[in-house]
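Remarks on the structure that follows.
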Amino acid sequence: QVQLVESGGGLVQAGASLRLSCAASGRTFSSYSMGWFRQAPGKERDFVATISWSGGRTYYADSVKGRFTISRDNAANTLYLQMNSLKPEDTAVYYCAAATGVATTSNSYSFWGQGTQVTVSS
């Protein structure tokens, strides 16, 4: 098992940057593929980005491609999401999650954090 805790959310203006972190407990972090999802009020939880256990493969939602970067530090048991050029439509609760393989669907992920709020004002 792995426990996940997100941090780094906040209120920013459009065009600003934020970096989210996801701290994982346990010694098995490096064996999991990791993902970021987000959920806006009244909407479904959407895929944002995913990264393989080694960091060698990454995939992004079209809506964030070129603006967001997912990365991981297995030695530090931490997942990151660098978000640049933020837009009001990026406003959501952001969740990190762990899966046994690279996946873009939420039902492929077994472990979830509690989420961190990102609000982008226009």
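Quick notes on this structure:
- Heavy-atom accessible surface of the stretch 1-61, averaged per residue, reaches 55 Å², computed with a 1.4 Å probe.
- Listed residues 11, 20, 81, most fluctuating in the chain (Gaussian network, C-alpha, under 10 Å): 11
- Highest-first arrangement of 70-76, 38-44, 112-118, where packing means the average Cβ count within 10 Å: 112-118, 70-76, 38-44
- Of the solvent-accessible surface of the stretch 21-122, computed with a 1.4 Å probe and all protein chains present, 46% belongs to carbon and sulfur.
- For residue 74 and residue 17, a Förster radius of 25 Å and the Cβ-Cβ distance give a FRET efficiency of 0.55, rounded to the nearest 0.05.
- Positive-pole candidate from 34, 86, 8, dipole of the chain, charges at beta carbon: 34
- Distance in nm between pseudo-label sites at residue 114 and residue 31 (7 Å out along the Cβ direction from Cα): 2.7 nm
- Estimated dipole of the chain in Debye, rounded to 20 [Cβ of Lys and Arg +1, of Asp and Glu -1, Cα centre]: 160 debye
- Globularity index of the chain, i.e. its alpha-carbon radius of gyration over 2.2 N^0.38 Å: 0.97
The values are calculated or read from the model by the stated rules, or taken from the named source; none is laboratory data. Treat the numbers as computed from the prediction; the structure is a model and nothing was measured. In this analysis, Cβ positions are derived from the backbone assuming ideal geometry, glycine residues included, and neighbour counts consider all displayed protein chains. Surface accessibility is based on the protein's heavy atoms, side chains included, excluding ligands, DNA and RNA. Shrake-Rupley method; radii C 1.70, N 1.55, O 1.52, S 1.80 Å.
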